[in-house]
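The values are calculated or read from the model by the stated rules, or taken from the named source; none is laboratory data. It should be emphasised that the depicted structure is a prediction, and the values quoted were computed from it without experimental measurement. Note that each Cβ is placed from the backbone with ideal geometry, even for glycine, and that neighbours are counted across all protein chains shown.
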C-alpha cells in the first residue's frame, strides 16, 4: 500500500468541479483544502449589576480590556466555547442565559457568537491569557481601553437588551457590515 505525501507543493489553486470558488486542491489525490471563517465564542458575564472584564495578557491588544472570548475548538458547540473561555481567561464558572449577538468581521474572516451569562458566584482570577480580571459597573467600564470594536458592540447591545427576553440576536452595528 502506497501513500502520497501531501505538501504545499502538491496544491494548486483551481475551481474544483461543481464549485464556483478557487480552492487549494492537491494535484496528486484531489484533496480540497477548504478555508472557512473562524468562530469566536464569548459572553458578557454579569454578577448583579456588574460586568466581568479581562485585561489581555497576549497580543493582539495586550494590556487592553475585553470580555472572556476566544476561538471555538473542534467538536465544541459555541455556548460550550463561551463557558470554556470564561474558565480559561477568568477562572470563572458561568451559566449561559441566551445568545446576545452574532457579528461578522469580514476583514479577518471571523464570526463572533456572543452570549449573556451570569457568574455562579463572584469567584474569579486571571487565567493564563489575562493580566487582570475585574467586575465593572456600567459607568466604570474602561471604554477607551477596550481591546476590539466588537467588545464595544456587545457591551452596548447587552445594555440595549437588559430586561428583555425572546429577542432576535443583535448583529453588526449600522455601518460596520464591511469590516
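Filtered by the rule that a residue be closer than 24 Å to residue 129 by Cβ and touching a residue at least 24 places away in the same chain (Cβ under 8 Å), the stretch 147-179 gives 147, 148, 149, 150, 151, 153, 154, 155, 157, 158, 179. Here residue 120 fits the description: touching a residue at least 12 places away in the same chain (Cβ under 8 Å) and either surrounded by fewer than 18 Cβ atoms within 10 Å (Cβ to Cβ) or in the same structural domain as residue 73 (by TED's automatic domain parsing) (or both). Among the residues of the stretch 147-169, is any assigned to a strand (DSSP E or B) and crowded, with 16+ Cβ neighbours inside 10 Å? Checking the stretch 147-169: not a single residue is assigned to a strand (DSSP E or B) and crowded, with 16+ Cβ neighbours inside 10 Å. Can you say whether residue 53 is surrounded by 12 or more Cβ atoms within 10 Å (Cβ to Cβ), out of contact with any helix residue (DSSP H, G or I) (no Cβ under 7 Å at 6 or more places or on another chain) and under 17 Å from residue 136 (Cβ atoms), as far as the supplied structure shows? For residue 53, the condition - surrounded by 12 or more Cβ atoms within 10 Å (Cβ to Cβ), out of contact with any helix residue (DSSP H, G or I) (no Cβ under 7 Å at 6 or more places or on another chain) and under 17 Å from residue 136 (Cβ atoms) - is met. Set side by side, the residues 101, 117, 92 differ, and just one is under 20 Å from residue 80 (Cα atoms), part of a loop (DSSP other than H, G, I, E, B) and in contact with a helix residue (DSSP H, G or I) (Cβ under 8 Å, 6 or more places away or on another chain), which is 92.
The single condition among (1) not assigned by TED's automatic domain parsing to the domain that holds residue 138; (2) not in a strand (DSSP E or B) that residue 25 does not meet is (2).
Quick test for you: out of 60, 8, 68, pick the one residue that is out of contact with any strand residue (DSSP E or B) (no Cβ under 7 Å at 6 or more places or on another chain) and within 21 Å of residue 132 (Cα to Cα).
Values: 8 fails: within 21 Å of residue 132 (Cα to Cα); 68 fails: out of contact with any strand residue (DSSP E or B) (no Cβ under 7 Å at 6 or more places or on another chain).
Criteria check complete, one pass: 60.
Being in the same structural domain as residue 69 (by TED's automatic domain parsing), under 18 Å from the mean Cα position of the chain (by Cα) and not in a helix (DSSP H, G or I) is a property that residue 134 lacks.
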